[in-house]
Structures are given as structure tokens and as C-alpha cells.
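Every read-out reported here was derived from the displayed coordinates using simple, explicitly stated rules and does not represent laboratory data. Everything numeric in this text was worked out from a predicted model, so none of it was measured. Cβ placement follows ideal geometry from the backbone for every residue including glycine, while neighbour counts extend to all protein chains displayed.
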Amino acid sequence: MSEIAIVIGNKNYSSWSLRGWLAIKRCGIEFDEIILLLDMPDTKEKLIQNSKAGLVPVLKCADITIWETMAICEYLAETYPAARLWPDDAKTHAYCRSVSNKMHAGFVPLRCHMPMDIKITYPGEGRGPRVKDIIARIVDIWADFRKYFGQNGPFLFGEFTIADAMFAPVVACFKTFAVDVPEVTMAYIGAVCECPEMQEWRAAAEAETQIIKYV
Ligand SMILES: N[C@@H](CCC(=O)N[C@@H](CS)C(=O)NCC(=O)O)C(=O)O
């Protein structure tokens with residue numbers, strides 16, 4: 001048993017779990033994974049046993065239990081600086097934090113109308129005027145950060161950061177809902193989908209059998 005564990009939901013559906021899991025995975029440390037199936041009669045009870053917040057992900061360390069994905073990411077970034085989950089430079093770090101916080105707190109219509117469902121495709125569904133505006137904004141954000149900060153790698157800030165963990169479920173949703181995007185966006189989507197951590201998550205999601213109808 002490892003000294004650190006992350007409690008997550010179904011890999012096919014739980015977008016917040018994916019974000020927290022990617023952050024810990026990028027730390028390159030040993031950790032345990034505790035999967036709680038969502039949408040079952042005893043889900044809430046089990047969630048609350050792990051954290052009074054009653055949500056996943058939850059990070060369990062020897063001396064602290066952390067809930068809320070951004071707090072988990074912050075803790076991991078501070079505890080495992082070698083993973084460079086935030087960019088080093090203060091100004092770039094500020095941009096990375098801004099865009100990560102925006103994803104954490106915003107884009108609610110997109111999250112409601114295009115929930116993560118890795119195994120399936122719903123081409124053309126999930127749209128609507130507010131969702132279309134958010135898609136355009138996200139495409140714009142990705143293009144800007146790739147252009148100004150992405151010289152040292154294929155991710156938003158070159159190397160993989162918390163911002164990429166935050167947007168990884170959106171990447172998955174863009175594929176599920178077959179969102180039409182420009183070439184530069186396709187390249188970013190490809191980089192996220194091809195990274196080994198995302199492939200591992202996807203393979204596990206595909207092996208899951210529980211079906212939840214969020215759409
Ligand atoms: N603000 C929370 C959101 C977490 C969240 O909504 N998690 C969902 C799964 S993706 C959950 O635990 N749902 C369980 C439920 O609502 O019963 C965070 O940042 O971690």
C-alpha cells in the first residue's frame with residue numbers, strides 16, 4: 001500500500017477525477033487508486049466516508065486529506081516540485097493559474113451539455129448558443145497559449161502543466177461530441193490524447209462496464 005492515494009470515480013465519466021489523477025500521475029510517484037462507482041444507490045454514502053465534501057477526487061496522504069481538484073493540484077505542485085506542474089516563471093505561472101482557475105470555476109454550460117463519456121460518440125449533440133460561444137473561447141485560449149508559451153513542447157505551456165490536466169476532459173469531450181476545430185487545436189487535442197497518461201486512463205475507461213446516461 002502506498003502512502004498516498006487518490007479516490008476517483010468511473011474513469012469513463014468522472015472528469016474531475018481525470019484532472020486530479022493526471023496531476024498525481026505526472027508526479028511520477030507511487031500511489032494507490034480507490035475507485036468509487038458513481039450513480040449507485042450507495043455512492044453518496046461512500047463518497048462521504050472519504051470526505052465530507054461528498055465528491056471525487058480526494059487525495060489521501062498520511063497526514064492530510066484534500067478535496068477540490070485545484071487544491072489537490074496545488075498540493076501536488078508544492079510537494080513534488082520536480083514534476084513542474086506549474087511553469088517556473090512567475091508571470092507564466094500566473095497565466096497558467098488564471099486559465100486553470102477559469103476551467104475550474106467556469107464554462108458551466110459546456111460541462112452540463114457535453115459531459116465526459118470517453119467510450120461513446122455523440123457527433124453534433126450537446127450544442128446550443130452558449131455552448132458554441134464557450135467552444136470558441138476555449139479554441140481561442142488554446143491557440144493563444146500554444147502560440148505565446150508553447151515553444152518547448154506540445155502542451156499549452158510547452159511542457160505538461162496543471163492547465164493541461166484541467167482541459168484534458170474538454171479534449172475528451174471535443175472528441176466524443178465531434179467538435180469541429182481548427183488545425184492548431186487538432187494538434188493540441190492530439191498531444192493530450194497521445195500522452196501516455198491519457199492513453200492509460202482511456203484504456204481503463206474503455207474496460208469499465210457501468211453505463212450512466214448523462215446525455
Ligand atoms: N469542485 C469539485 C467538483 C468535483 C465533482 O463534481 N465531482 C463529481 C464527479 S466528476 C462527483 O464527485 N460527483 C458525485 C456526486 O455528485 O454524487 C472539484 O473541483 O473537485
- Query: Can you list the lysines whose alpha carbon sits under 26 Å from that of LYS119, skipping same-chain ones fewer than 8 residues off?
  - Reply: LYS11, LYS25, LYS44, LYS46, LYS132, LYS175, LYS213
- Message: With N set to the number of residues, divide the alpha-carbon radius of gyration of the stretch 86-125 by 2.2 N^0.38 Å and report two decimals.
- Response: 1.65
- Query: How compact and how long is the chain, expressed as Rg and Dmax of its alpha-carbon atoms in Å?
  - Reply: 16.6, 48
- Using a Gaussian network model of the chain with C-alpha springs under 10 Å, which one of ASP140, ASP89, ASP164 is most mobile by mean-square fluctuation? ASP89
- Message: At R0 = 45 Å, how high is the FRET efficiency between ALA71 and ALA187 if r is their beta carbon distance? Nearest 0.05 is fine.
- Response: 0.90
- Message: Please report the net charge: other residues with Cβ closer than 10 Å to the Cβ of PRO109, K and R +1, D and E -1.
- Response: +2
- Return the whole-Å distance between the Cα centroid of the stretch 50-116 and the Cα centroid of the stretch 173-215. 19
- Message: Just to check I understand the Karplus step: with θ = phi - 60° and J = 6.51 cos²θ - 1.76 cosθ + 1.60, what whole-Hz values come out for the stretch 23-37, glycine and proline as x?
- Response: 4, 6, 4, 5, 6, x, 9, 6, 8, 8, 10, 10, 9, 10, 5
- Hey, what did the chain get for relative contact order, percent, Cα under 8 Å, at least 6 apart? 24
- Task: Would you kindly work out the equivalent ellipsoid of the stretch 5-83 from its C-alpha gyration tensor and give its semi-axes, the square roots of five times the eigenvalues, largest first in whole Å?
- Result: 21, 13, 10
- By average C-beta atoms within 10 angstrom, highest first, the peptides 170-181, 121-132, 145-156: 170-181, 145-156, 121-132
- Task: Mind jotting down the three principal axis lengths of the stretch 91-215 based on Cα atoms? Whole angstrom, largest first.
- Result: 43, 34, 26
- Query: If you find the alpha carbon centre of the stretch 146-170 and of the stretch 1-39, how far apart are they in angstrom?
  - Reply: 21
